[in-house]
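> One structure, as structure tokens, below. Some questions next.
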Amino acid sequence: MFAKIISDVLNKFLGKYIENLDGSQLKIGVWGGDVELRDLDVKESALDELDLPVRLVCGHIGHLKLKIPWKNLFNERWEAAVEGVYVVVVPKTSIQYDAQKEEKLLHESKLAALQRVEDARLKQQEIEKGDQTANQDGFFEKLCSQIIRNIQIFIKDIHIRYEDGLSCQNSQFAAGITLSNLSIQSTGADWIPRLDTSKLVYKLNTLDCLGIYWNADANLIAQNGHDKSGMIKCLKELVTSQDYIPQGMNYIIGPICSAAKLQLNPKPEQPDENGKTFSIPFASLDFVMDELAVGLSRRQYSGIMALLDSFDRLQLSSKYRKYRPQVSKVTGNAKDWWHYAYNCQLENIRRVHQNWSWEHMKEHRAKCQKYKVAYKAKLENKLSGGMSKDIEGCERALDVINITLIRRQAEMEVQREGRLRKQEKQKRGWFSGWF
């Protein structure tokens, strides 16, 4: 049961961000105790939840590992490791418009939004029901507490980079975060890494070379004609470590190296040896940092302000990317840009006129009715192949609000019809007793 829960969670979480994830192989790996995935490609829609006018052009995870000790869940170490995460993000307007690709990404974003709505609703239902066993020290609570005690986390070689040649006039820049190594290990009271069975939980956290940089007049990796492997190689070469500092990296913060010793008391309310409660705090942290380097040049500050100012414009212009001319300069291309402005305004006018047209209203109502019928069939496990296509087509045409409202209406009708069928069955049973 627990393996199935972990497999479902991993499939659900990783499937949102990883391209072509093989769920069956992941399930087999979880049951075997080891999940090890290599050379994973991150979906272009992975950042859509942030609702920013940016698009991921390269995303790669070199190695992902999860070790689960099924034979001894409580007394052996759990291990999670991630290595080689490289991401390049650019403004949406700097990517050539592809209608089919945009439609696919928009649909994936809509499905993700619908899933968040459903998850929030289920969570609210659980809260309203009230779990009477929440305070009981059950199996899963003990297991979760033991996972926190025994889990070891290792993160290595992270580089997330944003490149922009549009926001700053007559300039281009690259900004990002690099991390050489992060480890979180269980220790004993002497802070030597090992599994410990004492009442308190000890965690040793080590951070190596975490930095935030801003390079003005940077060489843009995404525009240099590199393929995906070439971009990954460039990103890897720009990760700072304790024995390697790449040239041309202008850090605003860091690189930071630190160590933290965290002591956790899972149950501070329990009495100690002297019978006192809350004598040991829930959490105690000893944090040591070698050096905190912070610096911001005038040019970096100007670039940051220009980026923040441009985000509003990028957010607005991203809606009209399909009309944007494929030219970089305004000078000499006045006709193209005037045509672009005309189409942007005309789209708003057309949308208003269409929304209030009788034909559009009838078509919209028909789609809503079709979706409700198909969704009710899905809830009652009576879904046919044609109805599955109806659901997919309507979910592409309708917005999130309409889909959510129709789903709630369908659920209420299914519940009401179920109660009526049950009452009718009881009546028939009562009358049949007289004959």
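The values are calculated or read from the model by the stated rules, or taken from the named source; none is laboratory data. Keep in mind that this is a model prediction, so the values were computed, not measured. Virtual Cβ from ideal backbone geometry, glycine too; neighbours counted across all protein chains shown.
> Hey, Tyr97 hits all of (1) closer than 26 Å to Asp157 by Cα; (2) surrounded by fewer than 15 Cβ atoms within 10 Å (Cβ to Cβ) but one; which does it fall short on?
Unmet for Tyr97, out of (1) closer than 26 Å to Asp157 by Cα; (2) surrounded by fewer than 15 Cβ atoms within 10 Å (Cβ to Cβ): (1).
> Still on this structure: May I ask you to list the residues in region 71-87 that are surrounded by fewer than 18 Cβ atoms within 10 Å (Cβ to Cβ) and farther than 20 Å from Gln185 by Cα? Lay out the reasoning, then the answer.
Just the residues of region 71-87 that are surrounded by fewer than 18 Cβ atoms within 10 Å (Cβ to Cβ), to begin with: 71-77, 79-81, 83.
Answer for region 71-87, where residues must be surrounded by fewer than 18 Cβ atoms within 10 Å (Cβ to Cβ) and farther than 20 Å from Gln185 by Cα: just Lys71.
> Going by what's in this entry, would Lys276 be described as assigned to a loop (DSSP other than H, G, I, E, B), exposed (fewer than 15 other Cβ atoms within 10 Å of the Cβ) and not assigned by TED's automatic domain parsing to the domain that holds Val89? So that I can check it myself, show each step before the final result.
Working: assigned to a loop (DSSP other than H, G, I, E, B): yes; exposed (fewer than 15 other Cβ atoms within 10 Å of the Cβ): yes; not assigned by TED's automatic domain parsing to the domain that holds Val89: no.
No.
> Moving to a separate point now. Does region 143-150 contain at least one residue that is over 23 Å from Leu73 (Cα atoms), crowded, with 19+ Cβ neighbours inside 10 Å and either outside the structural domain of Leu66 (by TED's automatic domain parsing) or out of contact with any Phe, Trp or Tyr (no Cβ under 8 Å at 6 or more places or on another chain) (or both)? Full working, then the answer.
Initially, region 143-150 is screened for residues over 23 Å from Leu73 (Cα atoms), giving none.
No, there is no match, as no residue in region 143-150 is over 23 Å from Leu73 (Cα atoms), crowded, with 19+ Cβ neighbours inside 10 Å and either outside the structural domain of Leu66 (by TED's automatic domain parsing) or out of contact with any Phe, Trp or Tyr (no Cβ under 8 Å at 6 or more places or on another chain) (or both).
> Here is a further query. So which residues in region 148-182 are of a type in the set (D, E, K, R) and part of a strand (DSSP E or B), if there are any at all?
Lys156, Asp157, Arg161, Glu163, Asp164
> Between Asn355, Asn381, which is loosely packed, with under 11 Cβ neighbours inside 10 Å, within 19 Å of Arg416 (Cβ to Cβ) and modelled with pLDDT under 90?
Answer to the selection: Asn381.
> In region 279-289, what residues are over 14 Å from Tyr202 (Cα atoms) and surrounded by 10 or more Cβ atoms within 10 Å (Cβ to Cβ)?
Once the filter is applied, which keeps residues that are over 14 Å from Tyr202 (Cα atoms) and surrounded by 10 or more Cβ atoms within 10 Å (Cβ to Cβ), region 279-289 yields Ser279, Met289.
> Would a scan of region 366-387 turn up a residue that is aromatic (Phe, Trp, Tyr), assigned to a helix (DSSP H, G or I), more than 30 Å from Cys168 (Cβ to Cβ) and not assigned by TED's automatic domain parsing to the domain that holds Glu108?
Yes, some residue in region 366-387 is aromatic (Phe, Trp, Tyr), assigned to a helix (DSSP H, G or I), more than 30 Å from Cys168 (Cβ to Cβ) and not assigned by TED's automatic domain parsing to the domain that holds Glu108.
> Just to be sure I understand the filter: pairs with C-beta atoms under 6 Å, separated by 6 or more residues or on different chains, first member in region 253-268 and touching a residue at least 40 places away in the same chain (Cβ under 8 Å), second member of a type in the set (Phe, Trp, Tyr) and outside any loop (DSSP other than H, G, I, E, B). Which pairs pass?
So the pair list comes out as Ala260/Phe287; Gln263/Tyr202.
Each row is one residue, and each column tells you yes or no for (1) at pLDDT 85 or above; (2) touching a His at 6+ places or on another chain (Cβ under 7 Å); (3) among the hydroxyl-bearing types (Ser, Thr, Tyr); (4) under 30 Å from Gln242 (Cβ atoms).
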residue	(1), (2), (3), (4)
Val288	yes, no, no, yes
Val294	yes, no, no, yes
Ser317	no, no, yes, no
Arg324	no, no, no, no
Val330	no, no, no, no
Ala341	yes, no, no, no
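> Still on this structure, please answer the following. If we keep just the residues of region 37-94 that are without any contact (Cβ under 8 Å) to a residue 60 or more places away in the chain and of a type in the set (Val, Ile, Thr), which is farthest from Arg324 (Cα to Cα)?
Ile61
> Which one of these is in the same structural domain as Pro271 (by TED's automatic domain parsing), in contact with a Lys or Arg (Cβ under 8 Å, 6 or more places away or on another chain) and modelled with pLDDT under 85: Leu204, Leu195, Leu182, Leu166?
Leu195
> Just need a number here: residues in region 75-124 that are closer than 25 Å to Gly62 by Cβ and not in a helix (DSSP H, G or I).
Residues flagged as closer than 25 Å to Gly62 by Cβ and not in a helix (DSSP H, G or I) within region 75-124 amount to 15.
> Also: If you go through region 332-342 one residue at a time, do you hit one that is surrounded by fewer than 10 Cβ atoms within 10 Å (Cβ to Cβ), basic (Lys, Arg) and part of a helix (DSSP H, G or I)?
Yes, that holds for at least one residue.
> Across region 160-205, what is the total count of residues that are within 30 Å of Asn219 (Cα to Cα), surrounded by fewer than 18 Cβ atoms within 10 Å (Cβ to Cβ) and not hydrophobic (A, V, I, L, M, F, W, C)?
4
> Regarding region 226-244, can at least one residue be identified that is modelled with pLDDT under 90 and on the phi > 0 side of the Ramachandran plot?
no
> Do we find a residue being of a type in the set (Val, Ile, Thr) and either over 27 Å from the mean Cα position of the chain (by Cα) or part of a loop (DSSP other than H, G, I, E, B) (or both) anywhere in region 285-307?
Keep residues of region 285-307 that are of a type in the set (Val, Ile, Thr), which gives 288, 294, 304.
If we keep only those that are either over 27 Å from the mean Cα position of the chain (by Cα) or part of a loop (DSSP other than H, G, I, E, B) (or both) as well, we get 288, 294.
Looking for residues that are of a type in the set (Val, Ile, Thr) and either over 27 Å from the mean Cα position of the chain (by Cα) or part of a loop (DSSP other than H, G, I, E, B) (or both), one finds at least one in region 285-307, hence yes.
> Among all residue pairs at least 6 apart or on different chains, which show Cβ distances below 6 Å where the first residue, located in region 413-434, is modelled with pLDDT of 75 or more and the second is surrounded by 10 or more Cβ atoms within 10 Å (Cβ to Cβ)?
Val414/Lys376; Val414/Leu379
> Next question, about the same structure. Of all residues being touching a residue at least 40 places away in the same chain (Cβ under 8 Å) and outside any loop (DSSP other than H, G, I, E, B) in region 238-252, which is nearest to Ile148 (Cα to Cα)? Just the residue, please.
Ser241
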